[in-house]
Amino acid sequence: MGAGKWIGGIIGFMAAGPLGALAGFALGSLFDTDKTAAGGTYYGQEQPTGENVYTGQRNSFLFSMLVMASYIIKADGRVMHSEMEFVRQFLRVNFGESAVSEGQQVLLNLFEQRKRMDAQNPQAFKNTIRDCGQQIASNLSYEERLQLLNFLVNIAKSDGNVCNEEIAALKEVATYMGLSVKEVESMLNLGGDSLEQAYKVLEVEPSATNEEVRAAYRRLALKHHPDRVATLGEDIKKAAEEKFQEINNAKEKIYKARGMK
């Protein structure tokens, strides 16, 4: 599978703006070696129409994920094997073995671009990430941005320890994308064993009333429902279903502790 089949080709909203600038650098070498893979439009050409809008939106989501992942992975100044392997496994399962090396190369290109930019101005790449986040906020739905954030949180959690620098970076990126710090804290506590973590998942305090707990769960169930990201593809929807199940598990833990039904 060539680059154009999984992330190249028609690339939707990221053809312009700060994401487009990064795409030109990070994807350019892949296009050079795979000119015919997509059989469609490439970076810098006409915008997609009709059925190709779906492909453009999905590819833009995936590239946006890699851009933001490059920021999270390097938040503590190191590139952890477990974090890179999380991305590789995601690409392997959903796009095939050839996409693994291509996705890794995209990340390495982004790391190199960060190094070049920060050599001239230590805030340059951070400012670019902020601008990319704003572009993402303008072009992805709220629910799609939540799912993108969930991928970033899972990357940070992949080594079993989310350090303070990663938490700070996740909160930065969430804010840039028009999301909240509470939503980051909720996702960081998904899959936790304690009742305290369950409350954080539902974004309520332990002192909340039963009705407030029910209302909080209804809000989360609505905004995290897998059907709301179905247009991005079955793989993205499946990941959303797993997240939705973890939200339900947190709810059940609280309901059981309170004797609620």
TODO: For Gln123 and Glu211, compute 0.36 nm times the residue count separating them, minus their Cα-Cα distance, and round to one decimal in nm.
DONE: 27.2 nm
Task: Accessible heavy-atom area order of Lys243, Lys256, highest first, probe of 1.4 Å - done: Lys256, Lys243
Task: Listed residue pairs exceeding 18 Å between alpha carbons, taken from Lys126/Lys157; Lys74/Lys223; Lys157/Lys256; Lys171/Lys251; Lys74/Lys157; Lys157/Lys200 - done: Lys126/Lys157; Lys74/Lys223; Lys157/Lys256; Lys171/Lys251
Task: Part-to-part distance (alpha-carbon centres) for the range 183-252 and the range 109-164, which is given in Å - done: 22 Å
TODO: Sum up the charges of everything whose Cβ sits under 11 Å from the Cβ of Ala208, counting Lys and Arg as +1 and Asp and Glu as -1, but leave Ala208 out.
DONE: -2
Task: Gain upon complete extension [Glu252, His225; 0.36 nm per residue less C-alpha separation] - done: 8.0 nm
Task: Point-to-point label distance, Asp131-Ser180, nm (Cα→Cβ direction, 7 Å offset) - done: 3.0 nm
- [ ] Calculate the spin-label point distance for Gln105 paired with Gln245, positioning each point 7 Å from the Cα along the beta-carbon direction, and give it in nanometres.
- [x] 3.5 nm
TODO: Kindly provide the pair-distance distribution of the chain built from C-alpha pairs, with 5 Å bins from 0 and whole-percent values in order of increasing distance.
DONE: 1, 6, 13, 17, 19, 17, 11, 8, 5, 3, 1, 0, 0
Open item on the list: How would the range 141-210 be classified by its alpha-carbon gyration tensor: rounded, prolate or oblate, with rounded meaning a/c under 1.5 and the a/b versus b/c comparison settling the rest?
Closed with: oblate
Open item on the list: Using a 1.4 angstrom probe on the protein heavy atoms only, could you order Lys261, Lys182 from most to least accessible area?
Closed with: Lys261, Lys182
Task: Straight-distance crosslink candidates among aspartates and glutamates, where the alpha carbon sits under 17 Å from Lys115 and sequence neighbours closer than 8 are dropped - done: Asp76
Task: Carbon plus sulfur fraction of accessible area for the chain, probe 1.4 Å, in percent - done: 49 percent
- [ ] Over the chain, average the accessible area per residue using a 1.4 Å probe and give it in Å², no decimals.
- [x] 46 Å²
TODO: Let me know the shape class of the range 45-145, please: from the alpha-carbon gyration tensor, a ≥ b ≥ c as square roots of the eigenvalues, rounded when a/c is under 1.5, otherwise prolate if a/b is greater than b/c, or oblate.
DONE: oblate
Task: Shape category assigned to the range 124-261 from the gyration tensor of Cα positions, a/c cut at 1.5 - done: prolate
TODO: Only helical DSSP H runs with n ≥ 4 go in: add -39500 (n - 2.57) per run for the chain, normalise by residue count and round the 222 nm mean residue ellipticity to 500 deg cm²/dmol.
DONE: -22000 deg cm²/dmol
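The values are calculated or read from the model by the stated rules, or taken from the named source; none is laboratory data. A quick note: this is a predicted structure, and the numbers were derived from the prediction, not measured. Ideal geometry is used to build each Cβ from the backbone, glycine not excepted, and the neighbour counts take in all protein chains shown. Accessible surface areas use protein heavy atoms only, side chains included; no ligands, DNA or RNA. Shrake-Rupley method; radii C 1.70, N 1.55, O 1.52, S 1.80 Å.
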